[in-house]
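Q: Once you've had a glance at the structure underneath, I'll fire off some questions.
The values are calculated or read from the model by the stated rules, or taken from the named source; none is laboratory data. Remember, predicted model here, so these are calculated numbers, not experimental data. Glycine also receives a Cβ, built like all others from the backbone with ideal geometry; neighbour counts cover every protein chain displayed.
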Amino acid sequence: MMENPLLEQSSGVLSYEELRRHPSYPSEERYRKGPIAVIECVEAIPCNPCQTVCHRTVITVGEPITNLPRLIDQEELCNGCGQCVVICPGLAIFIIDKTFSETEAAVTMPYEFLPLPAKGDRIRGVNRAGREVCGGYVHKVRNVKGYDRTVVVTVAVPKEFADEVRFFRRAG
Amino acid sequence: MKTELAVIGGGPAGLCAAIEAAQRGVEVTLVDENQRAGGQLFKQIHRFFGSEEHLAGVRGLTIGEMLLEDARKYGVKVALNTVAWGLFSDRQIGVTAPDGVDTLEPQKVVVATGAIENSLSFPGWTLPNVMGAGAAQTMVNVHRVLPGQRVLIVGSGNVGLIVAYQLLQAGAEVTAVVEALPGISGYQVHASKIVRMGVPILCRHTILRALGTECVQKAEIARVDERFNPVPGSERLLDVDLICIAVGLRPLAELCHMAGVRFEYYPALGGHVPLHDSTMQTTLPGVYVAGDVSGIEEASSAMEEGRLAGIAVSVALGKVDPQAGAKDLAEAGRRLRALRLGPYGDDRHEAKEKIVQSCGQGAR
Amino acid sequence: MRVLHHPILGDAPAARAVTIHVDGRPVQALEGEMIASALTAAGIKRFRTTSRGRDPRGIFCAIGRCTDCVMEVNGRPNVRTCVTPVEAGMTVNTQVGLGVWK
């Protein structure tokens, strides 16, 4: 698929450096322990369903509800269940698992389009700016009635792209 | 036809006002000119923000169904296909229903008539397939018809950004979103999700003209400077067949105006708005407003304003004791206040505070 | 173009086809849908022309508030097609200017 040439000039792209400065962004040390929800929500909007839905109560927004969500999982670890991925009205939460394999990371994201991908589909990993940055494949597709039509898709990409890939396109 | 409470408009604000009042024993007649109530809820297929008590995470269309069910459950009389064309200073309402013209004689009125999209004038703006972004959203999400395949969106507020996403969901291609201001007007998260899908958001850009004979065939955009003048040489021709204008909404408050309610102008709320107090009563006793008609916000705040009005009417009609009513009003007020927090809410909150103050000082 | 499969709305519900007549030509519509939807699905975008310039006009607000989409329906002009449902055998004509009452 031809990329839109106007994308080069687009606003609205959060840089990884900007995101990393947020208190809730995981450290590399935490990534080594397993999957974790990464909440790319940087504005003070009255919103807290990620806190409400988290079984392990590791996501906190508190009061006022414009606080940015913080994921603090020192005692009980986030296990990447994905409930927060499903409920976020901004589709801004991803599960990143840098321990997926020796060479790959798993990026789990909300997906609300047709056709649905299938396990094994080859994909191109797409970054926040809408550019294809790497290859990969679909590891898992969770389409559960309780998710109210938000499908949860996990793609496997080369580990070095774990902090960049936040969408995908079918390859070929 | 006499009734205790007449609610004009069956969107989120009107439904919530009707439900709160009916629950407390008020006899409610709700009129709506459409075939189905729900206002703009049914085209909002996305999840709402807020907290659990605001139904955060629930899709707009689901909330629509919940409210219709509650209205039915509490015995709200809903008159569909019924246009309220007149509101008079004695609170009488002229309506035209399928079987003819009638007059409602309510003791109290809640006007919840919502808003209309603004338009933007540029050469070619009247061509078929130049429409409101909300209009395209209605065509796709309510009527399941896509008016075009390659879209330009003008305006990067939440409506423009959300409609871009929903047009992608319906199978269209969004060529660009243009925004005249230096920064994106809507939420970062709404911007992020369309840019990662390959939709460019071009700030400091505007539409110069729409081209076509029968309908939109191309759009010319250009960069603009700090004074919003097009920068010569920056013009680009885009191959689009649908242009969605997302430059804000303004209240549909004609009924309040004709009845003699006092208005003031607040840009933060979309322009001329009817004054109201903290219980949503206007400068005309017994006439309340709720939702976008009283200032452009969102469905969540419309619901809470509707609840305030419904509770206030119940107290005014003596259906509940003032103390219980005051407690419920305070709760609804607290929920409403929470929705106006933060940089996206401060201007609205400030404007609403001024409205309540002005209303208190006004002639009654 | 009709959206038959949608990730949130699901599959389009089964609906009976009805025929309406647009400027004398038969157009397939779905029972209960708005005239403007049927025309849009059929690729018709010009609903009326203005009095002086004879400029084409179509849908603007789609919720019955702006009157850009009005047409002559069953002989009656100024009918807001975005909020008026189709009926089998309905005649829908491109309105010129303020239209003509028949």
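Q: Return yes or no: is residue B:237 crowded, with 17+ Cβ neighbours inside 10 Å and at pLDDT 95 or above?
A: no
Q: Just checking, which of B:167, B:146, B:152 is out of contact with any Phe, Trp or Tyr (no Cβ under 8 Å at 6 or more places or on another chain), within 20 Å of residue C:29 (Cβ to Cβ) and either in contact (Cβ under 8 Å) with a residue 60 or more places away in the chain or not β-branched (Val, Ile, Thr) (or both)?
A: None of the other options fit; the residue is B:146.
To keep it simple, each residue is scored yes or no on (1) outside any strand (DSSP E or B); (2) closer than 25 Å to residue A:146 by Cβ.
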{"residue": "B:42", "(1), (2)": "yes, yes"}
{"residue": "B:45", "(1), (2)": "yes, yes"}
{"residue": "B:56", "(1), (2)": "yes, yes"}
{"residue": "B:62", "(1), (2)": "yes, yes"}
{"residue": "B:81", "(1), (2)": "yes, no"}
{"residue": "B:86", "(1), (2)": "no, no"}
{"residue": "B:94", "(1), (2)": "no, no"}
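Q: Can you find, within region A:55-106, the residue that is farthest from residue A:164 (Cα to Cα) among those that are free of Cβ contacts under 8 Å to residues at least 24 places away in the same chain, in contact with a strand residue (DSSP E or B) (Cβ under 9 Å, 6 or more places away or on another chain) and of a type in the set (Ser, Thr, Tyr)?
A: Result: A:66.
Q: Right, something else. Would you confirm, using the coordinates I've provided, whether residue B:33 is part of a loop (DSSP other than H, G, I, E, B) and either at pLDDT 95 or above or of a type outside the set (A, V, I, L, M) (or both)? Reasoning before the result, please.
A: Values: part of a loop (DSSP other than H, G, I, E, B): yes; either at pLDDT 95 or above or of a type outside the set (A, V, I, L, M) (or both): yes.
Against the criterion (part of a loop (DSSP other than H, G, I, E, B) and either at pLDDT 95 or above or of a type outside the set (A, V, I, L, M) (or both)), residue B:33 qualifies.
Q: Identify, from the list B:261, B:320, B:356, the residue that is farther than 25 Å from residue B:30 by Cβ, at pLDDT 95 or above and β-branched (Val, Ile, Thr).
A: Answer to the selection: B:356.
Q: State the number of residues belonging to region A:78-104 that are in contact with a Gly (Cβ under 7 Å, 6 or more places away or on another chain) and within 14 Å of another protein chain (Cβ to nearest Cβ).
A: Residues that pass the stated criteria total 2.
Q: With B:208, B:202 as the choices, which residue is modelled with pLDDT of 95 or more and at the interface with chain A (Cβ under 7 Å from one of its Cβ atoms)?
A: None of the other options fit; the residue is B:202.
Q: Where in region B:102-174 are there strands (runs of 3 or more DSSP E), lying fully within it, with 1 or more residues that are of a type in the set (D, E, K, R)? Full working, then the answer.
A: On the way: elements: B:115-117, B:130-132, B:150-154.
Here the list reads B:115-117, B:150-154.
Q: Limited to region B:167-194, what total is found for residues that are facing chain A (nearest Cβ under 7 Å), more than 23 Å from residue A:42 (Cβ to Cβ) and of a type in the set (Gly, Ala, Ser)?
A: Total satisfying the criteria: 1.
Q: Could you pull out the residue among B:130, B:151, B:159 that is within 24 Å of residue C:85 (Cα to Cα), of a type in the set (Val, Ile, Thr) and more than 7 Å from chain C (Cβ to nearest Cβ)?
A: B:130
Q: Could you tell me how many of the residues in region C:11-54 are in contact with a Cys (Cβ under 7 Å, 6 or more places away or on another chain) and among the hydrophobic types (A, V, I, L, M, F, W, C)?
A: 3
Q: Tally the residues that are crowded, with 19+ Cβ neighbours inside 10 Å, in contact with an Asp or Glu (Cβ under 8 Å, 6 or more places away or on another chain) and within 14 Å of chain A (Cβ to nearest Cβ), restricting the search to region B:336-364.
A: Qualifying residue count for the region: 5.
Q: When you go through (1) closer than 21 Å to residue C:5 by Cα; (2) surrounded by fewer than 16 Cβ atoms within 10 Å (Cβ to Cβ) one by one for residue A:158, which number turns out not to apply?
A: (1)
Q: Going by what's in this entry, would residue B:87 be described as assigned by TED's automatic domain parsing to the domain that holds residue B:295 and surrounded by 22 or more Cβ atoms within 10 Å (Cβ to Cβ)?
A: Judged against the criteria, residue B:87 is a match.
Q: Is at least one residue of region A:153-170 closer than 20 Å to residue A:54 by Cα, within 14 Å of chain B (Cβ to nearest Cβ) and among the aromatic types (Phe, Trp, Tyr)?
A: No: region A:153-170 contains no residue that is closer than 20 Å to residue A:54 by Cα, within 14 Å of chain B (Cβ to nearest Cβ) and among the aromatic types (Phe, Trp, Tyr).
Q: If the Cβ limit is 8 Å and pairs must be 6+ apart or interchain, which residue in region A:126-151 that is within 14 Å of another protein chain (Cβ to nearest Cβ) and under 29 Å from residue A:11 (Cβ atoms) pairs with which residue that is polar (S, T, N, Q) and in a helix (DSSP H, G or I)?
A: Here the result reads A:128/B:192, each pair linking region A:126-151 to a residue that is polar (S, T, N, Q) and in a helix (DSSP H, G or I).
Rundown of residues vs (1) within 30 Å of residue B:179 (Cα to Cα); (2) not polar (S, T, N, Q), yes/no style:
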residue	(1), (2)
A:4	yes, no
A:20	yes, yes
A:26	no, yes
A:43	yes, yes
A:55	no, yes
A:89	yes, yes
A:99	no, no
A:104	no, yes
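Q: Then there is this: Can you spot a residue in region A:18-35 that is modelled with pLDDT of 95 or more and in contact with a helix residue (DSSP H, G or I) (Cβ under 7 Å, 6 or more places away or on another chain)?
A: There is no residue in region A:18-35 that is modelled with pLDDT of 95 or more and in contact with a helix residue (DSSP H, G or I) (Cβ under 7 Å, 6 or more places away or on another chain).
Q: Out of the residues in region B:9-38 meeting the condition of being closer than 17 Å to residue B:327 by Cα and buried (at least 24 other Cβ atoms within 10 Å of the Cβ), tell me which one is farthest from the other protein chains (Cβ to nearest Cβ).
A: Residue satisfying both the conditions and the ranking: B:21.
Q: Let me ask something additional. Restricting attention to region B:303-332, which residues are buried (at least 24 other Cβ atoms within 10 Å of the Cβ), farther than 16 Å from residue B:353 by Cα and out of contact with any Lys or Arg (no Cβ under 7 Å at 6 or more places or on another chain)?
A: Those that are buried (at least 24 other Cβ atoms within 10 Å of the Cβ), farther than 16 Å from residue B:353 by Cα and out of contact with any Lys or Arg (no Cβ under 7 Å at 6 or more places or on another chain): B:303, B:306, B:307, B:309, B:310, B:311, B:312.
Q: Would you mind listing the helices (runs of 4 or more DSSP H) fully within region A:1-91 where at least 2 residues are surrounded by fewer than 18 Cβ atoms within 10 Å (Cβ to Cβ)?
A: In region A:1-91, A:16-20, A:28-31 are the helices (runs of 4 or more DSSP H) which contain 2 or more residues that are surrounded by fewer than 18 Cβ atoms within 10 Å (Cβ to Cβ).
Q: Still on this structure, please answer the following. Does region B:323-335 contain at least one residue that is of a type outside the set (Asp, Glu) and in contact with a Phe, Trp or Tyr (Cβ under 9 Å, 6 or more places away or on another chain)? Quick ask: steps written out before the conclusion?
A: Residues of region B:323-335 of a type outside the set (Asp, Glu): B:323-327, B:329-330, B:332-335.
In the following step, the residues that additionally are in contact with a Phe, Trp or Tyr (Cβ under 9 Å, 6 or more places away or on another chain) were identified as none.
No - not one qualifying residue is present in region B:323-335.
Q: Show the residue pairs meeting these rules: Cβ distance below 7 Å; 6+ apart or different chains; first residue within region B:22-50 and touching a residue at least 12 places away in the same chain (Cβ under 8 Å) and more than 20 Å from residue C:80 (Cα to Cα); second residue among the basic types (Lys, Arg) and part of a loop (DSSP other than H, G, I, E, B).
A: Matching pairs, first to second residue: B:24/B:319; B:25/B:319; B:26/B:319.
Q: Quick one: which of A:59, A:36 is under 17 Å from the mean Cα position of the chain (by Cα), more than 7 Å from chain B (Cβ to nearest Cβ) and under 21 Å from residue B:342 (Cα atoms)?
A: After ruling out the rest, the residue left standing is A:59.
Q: Further, regarding this structure: Here's a check for you: in region A:114-139, which residue that is part of a loop (DSSP other than H, G, I, E, B) and under 16 Å from the mean Cα position of the chain (by Cα) is farthest from residue A:16 (Cα to Cα)?
A: A:130
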